[in-house]
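The structure under discussion is supplied below as structure tokens; questions concerning it will follow.
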Amino acid sequence: MSTSPTYQHVVACGLPYDRGYAHGSQAAAKVQRNVEYYRQAGRLAESGMVQKLIREIYIPNITAHYPSGWEEMKGIADGASVSVEDVVLLNARYDLSRLNGLSVSEPQSQAQESDEDAHECTTAFFLAPTTDGGDVLNAVNWDMNARLWHDDVVIYLEIHPHSSESKPSLFLAAEAGQLGRSGMNSLGIGVTSNSLMSTEDYIPDADATRPVMPISLLRRMILECSHLSEAMTATQQFPRHVSNGLTLATAEGFGLCLELTPSRVYKVYSPVDDAYLVHTNHFTDPSFLAGEAVYDRYPGGSSWFRRQRLEQGIRPYVRGRVTAPQLVQAFSDHLSFPESLCCHPDQHPPDSVIRTLPGYPYRSNAATVACLIYNLSQRTIWACKGPPCHGTFETFTLKGPRSLTRPTGDAVEPGEELRPEIP
């Protein structure tokens, strides 16, 4: 287990390949350890299927639909001395972990889970009326395999794109080698995420007409957007083959949760008078729950109480009194320890009852590998390595453009403004 109380802070600047190379070279050993781990048999889907998806589906679609992301991946690969296929594997880890037992190009109601599948997160946003000082917060307990924490292979990735790209600066938490898992940008947009599984998830076929990309790339693309409307369009149009939950908020004072299946985006809003929302790892949209064509594949567990436990911990303060320390205390709840809101490793779970049930999910050694509170108003991040109940928090400040102009070199028609001003 690493003795460092904090994760590595990687700063990468410039054009996509250059910042990828900076990421890969600064975190080379961590990238290599992640690749080695996920290449082991049983960690993700079957190895032959993994390679086929990477080479025949993911790479062609990433190069076509996210060329800057592809260039950044190539830079990471060269900087870390791994193959670009390895870097695509890391960025598709979420998608590839949930394909065992699914059929090609069509949904399936039952599926086995892999070593990396049944991990969970708790996300929440708090708008100005709820917080002490009127700031907007987007926060997450990131639960994954405890290996990420113990082996110290998570990074805080700070990105400053080249001015010619007309993109905001970014701060992200990620497994080393990934373009991002959660984060915020210098324009005040933040995104956190939850694992979701539905019967609509499927294995893509190279002969299918519909393109697909690893869904984690959507989170990075959202943070590269210049405003919330653009982020909503990116979400609707992003080609995907697995489900996912996204919690979005903006410093302008709005937030929502998006529950994605391969074909639909379900919008979950907070009650107007509450001005905050908590989400975990099961679908909550009434129209999804009322339907009969697609079902939630969540196997049962802490998601069914983590949402309420976080609400119980923070609700006494949501009339203008929420602070980051209070939120950390709420995220540190230990009901149902160790599989609690603040999740701790359990290397040898007894499973004496549920291990004989049909559809029993593989339960690996999970933990809250990071707790992150993104202050979208102040552009600051409060981040903790490991469970928040005893981790060391650091504060980061994201500097970068607060507004964007047209990329350098783009033609401007006579009388056309570069960007409209807020009236």
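The values are calculated or read from the model by the stated rules, or taken from the named source; none is laboratory data. Note that the structure is predicted; figures quoted are calculated from it, not measured. Here Cβ is always computed from backbone atoms with ideal geometry, including for glycine, and neighbour counts include all displayed protein chains.
Return the residue satisfying two criteria in turn: it lies in the stretch 14-52 and is hydrophobic (A, V, I, L, M, F, W, C) and free of Cβ contacts under 8 Å to residues at least 60 places away in the same chain, and of such residues it is surrounded by the fewest Cβ atoms within 10 Å (Cβ to Cβ).
By that ranking, first place goes to ALA41.
Could you grab the pairs with beta carbons closer than 8 Å, sequence gap of 6+ or different chains, first residue in the stretch 300-328 and of a type in the set (Ser, Thr, Tyr), second one part of a helix (DSSP H, G or I)?
Short answer, once both residue conditions are applied: TYR317/THR130; TYR317/GLN326; THR323/TYR317.
Now a separate question. Write out, first by first residue and then by second, each pair whose Cβ atoms fall under 8 Å of each other, whose residues are 6+ apart or on separate chains, and whose first residue, in the stretch 79-90, is on the phi > 0 side of the Ramachandran plot while the second is at pLDDT 95 or above and surrounded by fewer than 24 Cβ atoms within 10 Å (Cβ to Cβ).
Close Cβ pairs satisfying both conditions: SER81/ALA28; SER81/GLN32.
Return the residue satisfying two criteria in turn: it lies in the stretch 58-76 and is crowded, with 21+ Cβ neighbours inside 10 Å and of a type in the set (A, V, I, L, M), and of such residues it is farthest from ILE159 (Cα to Cα).
Result: ILE62.
Could you grab me the full set of residues in the stretch 319-344 that are of a type in the set (Val, Ile, Thr) and buried (at least 18 other Cβ atoms within 10 Å of the Cβ)?
Hits for the stretch 319-344 are VAL322, VAL328.
So PRO204 passes all but one of these: (1) modelled with pLDDT of 95 or more; (2) surrounded by 19 or more Cβ atoms within 10 Å (Cβ to Cβ). Which condition number does it fail?
It is condition (1) that PRO204 fails.
Sticking with this structure for a sec: How do the pairs read when you match residues in the stretch 116-129 that are over 17 Å from ILE373 (Cα atoms) and of a type in the set (Gly, Ala, Ser) with residues anywhere that are at pLDDT below 95 and not in a strand (DSSP E or B), using Cβ under 7 Å and keeping only pairs 6 or more apart or on different chains?
What qualifies is ALA118/PRO299; ALA118/PRO361; ALA118/TYR362; ALA118/ARG363.
Same structure again: Sort out which residues of the stretch 370-384 are within 20 Å of the chain's Cα centre (by Cα) and farther than 16 Å from CYS121 by Cβ, and write them in order of number.
ASN375, LEU376, ARG379, THR380, ILE381, TRP382
With the condition being under 26 Å from GLY255 (Cβ atoms), modelled with pLDDT of 95 or more and among the aliphatic types (A, V, I, L, M), I'd like the strands (runs of 3 or more DSSP E) fully within the stretch 304-406 carrying at least 2 qualifying residues. Please lay out each step first, then the result.
Working: elements: 366-375, 380-385, 393-397.
Fully inside the stretch 304-406 and qualifying: 366-375, 380-385.
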